[in-house]
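The values are calculated or read from the model by the stated rules, or taken from the named source; none is laboratory data. Nothing here was measured: the structure is a model prediction, and the numbers come from that model. Don't worry about glycine lacking a Cβ; one is built from the backbone with ideal geometry, like all the others, and counts go over all protein chains shown.
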């Protein structure tokens, strides 16, 4: 027991930091005006978003190592400040190279450190509610655009896109620093005050702790890696292009599209909490099956129901499932490989997310550019990817069952 540690304060502070670094999900609001103001193509501007996500595994793994060593507070503080400064400096960029460095590399490294520290440190504090805790903490990340999208849209109209980057970036830097002051590293083998410990019935999850070398020898690692990539693909495609999709395919104004970005972010946030809680009840694999199925059905709605109602259903459905993927997979990794090395292990698995984050926005923007703003072909690609993820999850379930049978022989 650790009476001086209030795990809920740590969780709320972590959510506050991730609500700053999660501003990347509102990038579609900034991308259009930035393209128009600078003359850079939308595809080139979206490369900044892709780079931001692509560099993620580096700080995720290093930040995970620092968290595993008990240095999560400093990793989180450094990450939040670096992200805020990168966002701020993006407003001063006069070339694509500068934008890619400030927003892509600085922002991506900062976000990775903060996300890795906040997520893995908090999970250790909630051994009794891992699905829910994962959903709540990642919900802070997903919820950022609910606030950021309308603020960014309003600021762009009044002071321009460059000053918007600067003002919001400075705010993110300050908020991240203040919240990080309340972060405390989770003690080793932390047990919450009211969690019953029954002799002879120790949680099997905590008896199995595989380091990254042992994890790489497991078939389940590769299945989970690709499942995460395929699950995140559709959500990243929509997160980076929600505003242009709404305007070009559904006839929305810029202000209305910004509202849908906020709706997507709200759904993303709720999905992390809802699916995280459901996965505690139904199991991770069953929950993932349901999410992949909803993703496929929702894309068909976007393709065949070309109305505001269709777009609303699509935004909500895909937002909920993207949030679910981000909320459930951290617990799935810990369930397979244990809590002790979760920081590094999940950082390596997160490579799957980063690969999708690099390709999904680019594929969508490229296909839309060659079809006069129509994203239909990109939607079909996302359906195929989600179907592949569903197939892999079935293989994962069968492999788990086989391993259980073998262990009982």
Is there a residue being part of a loop (DSSP other than H, G, I, E, B), closer than 28 Å to residue 102 by Cβ and at pLDDT 90 or above anywhere in region 183-203? yes
Output the qualifying pairs, or none if there are none: Cβ atoms under 9 angstrom, residues six or more apart or on different chains, first residue in region 295-309 and under 15 Å from residue 246 (Cβ atoms), second residue outside any helix (DSSP H, G or I) and at pLDDT 90 or above. 302/375
Give just the number: which of (1) part of a helix (DSSP H, G or I); (2) more than 30 Å from residue 33 (Cβ to Cβ) does residue 356 not satisfy? (2)
Some residue of region 81-97 being closer than 30 Å to residue 340 by Cα, in contact (Cβ under 8 Å) with a residue 24 or more places away in the chain and either more than 21 Å from the chain's Cα centre (by Cα) or not in a helix (DSSP H, G or I) (or both): no
